[in-house]
1. For Ala278, are the conditions met, namely being within 13 Å of the ligand (Cβ to nearest atom), over 17 Å from Leu240 (Cβ atoms), part of a helix (DSSP H, G or I) and aliphatic (A, V, I, L, M)?
2. Check region 228-238 and report whether any residue there is of a type in the set (S, T, N, Q), within 11 Å of the ligand (Cβ to nearest atom) and out of contact with any Pro (no Cβ under 7 Å at 6 or more places or on another chain).
3. Any idea which residue in region 71-114 is nearest to Ala40 (Cα to Cα), counting only those that are within 16 Å of the ligand (Cβ to nearest atom) and of a type in the set (Ser, Thr, Tyr)?
4. Among the residues of region 213-230, what is the count of those that are closer than 14 Å to Ala260 by Cβ and crowded, with 18+ Cβ neighbours inside 10 Å?
5. Could you list, in sequence order, the residues of region 83-103 that are within 18 Å of Gly38 (Cα to Cα) and either crowded, with 22+ Cβ neighbours inside 10 Å or under 19 Å from the mean Cα position of the chain (by Cα) (or both)?
6. Can you pull out every residue in region 178-229 that is in a strand (DSSP E or B) and of a type outside the set (S, T, N, Q)?
7. I'm checking my understanding of the structure. Among residues of region 197-211 that are within 15 Å of the ligand (Cβ to nearest atom) and more than 17 Å from Phe259 (Cβ to Cβ), which one is surrounded by the most Cβ atoms within 10 Å (Cβ to Cβ)?
8. Is it the case that region 143-154 has a residue that's acidic (Asp, Glu), at pLDDT 95 or above and not in a loop (DSSP other than H, G, I, E, B)?
Amino acid sequence: MWARINSTPSPDPDIARPAVAEWRMRASPPAVPELLYGTAWKEERTAALTELALRMGFRGIDTANQRRHYFEAGVGEGLAAAYRAGVVTRTELFLQTKFTYLDGQDHRLPYDPTADLATQVAQSMQSSLEHLGTDHVDSYVLHGPATGSAWTDDDVCVWAAMVKERDAGRARLLGVSNISRQQLEAMAAAGAEAPAFVQNRCFARFGWDREVRDFCAERGIVYQGFSLLTANRAVLGDPLVGRIAEREGATRAQVVFRFARAVGMLPLTGTSDADHMAQDLASRDLTLSADEVSELESLAG
Ligand SMILES: NC(=O)c1ccc[n+]([C@@H]2O[C@H](COP(=O)([O-])OP(=O)(O)OC[C@H]3O[C@@H](n4cnc5c(N)ncnc54)[C@H](OP(=O)(O)O)[C@@H]3O)[C@@H](O)[C@H]2O)c1
């Protein structure tokens, strides 16, 4: 099984006794930002919203070479516009994209579907680098294992191909997404190199994905949580969240993002609204007590 790889606790100054210790984000440049801007489902608005997110202060961008849900070339256009305008440089950014199996794609494929999986990974990566106008991404994520319940031979092959891309300098770090604790255990038991990131939909009713988060925390894997608002509408309506929001002069959404960071998550937001972008970024300034973090963590499961 994997040992801890970046596990130095990094106490949150706003929280006296964190319920779960935060861990330091990987330090080598560019450091991993505290919040990622997600680019899914934006279609023809992708370029403008990516540029806007950078202008608003986001420095981490999440995308995928999966035209069905993402427009990666549009992300590249937004990046290029921001570079041209002097908003940001490539070296200040954390760019993350994904390899998606054929099953998760529509007809607009970034690889030859008849090629072997290792070739598909290489072709998808090459296409991502062209879309994003860069020679490397900071994180390359397997969008999801081949099945919902195992770590299959196909996953072994794809992960090895991703490691090869990383070793060739085209990715700095690797991750896996949409994965269960059982699959992570199977991945480790198969002798796979540990991911730096796990990116999952985070349901409060499952203890905010507690099993996977615990697995990650024990091994220094950074847990990236998405759908924090949309998967947890009941939490947003909870009186505790309302009380904290009122005290902090903040929105309920901001309380959820602040909570997510307090328990060591790297949250994603895909907002299309400039005010919400500013609020999501400003959520870092909210203060939660250790008791509030514990209560929020056990709110729904
Ligand atoms: N690995 C995967 O399979 C996977 C799957 C899904 C998503 N993702 C990634 O995660 C990113 C985020 O996706 P998501 O599922 O979390 O949903 P999302 O696209 O972030 O949607 C969040 C919803 O919350 C609203 N919102 C955001 N900030 C808000 C605020 N401060 N106040 C009020 N409402 C706010 C947004 O509305 P407004 O637009 O009006 O603000 C939107 O309706 C995606 O873009 C993608 O990069 C990955």
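1. Details: within 13 Å of the ligand (Cβ to nearest atom): yes; over 17 Å from Leu240 (Cβ atoms): yes; part of a helix (DSSP H, G or I): yes; aliphatic (A, V, I, L, M): yes.
Yes, satisfied.
2. Yes, region 228-238 contains at least one residue that is of a type in the set (S, T, N, Q), within 11 Å of the ligand (Cβ to nearest atom) and out of contact with any Pro (no Cβ under 7 Å at 6 or more places or on another chain).
3. Thr97
4. Adding up the residues that qualify gives 10.
5. Result: Arg90, Glu92, Leu93, Phe94, Leu95, Gln96, Thr97, Lys98, Phe99, Thr100.
6. Hits for region 178-229 are Phe197, Val198, Arg201, Val222, Tyr223, Gly225, Phe226.
7. Our first condition is that a residue be within 15 Å of the ligand (Cβ to nearest atom); within region 197-211, this holds for 197-204, 208-209.
Still in the list and also more than 17 Å from Phe259 (Cβ to Cβ): 197-199.
Values: Phe197: 21, Val198: 25, Gln199: 28.
By that ranking, first place goes to Gln199.
8. There is at least one residue in region 143-154 that is acidic (Asp, Glu), at pLDDT 95 or above and not in a loop (DSSP other than H, G, I, E, B).
The values are calculated or read from the model by the stated rules, or taken from the named source; none is laboratory data. What you are looking at is a predicted structure, and each value in this text was computed from that prediction instead of being measured. Glycine also receives a Cβ, built like all others from the backbone with ideal geometry; neighbour counts cover every protein chain displayed.
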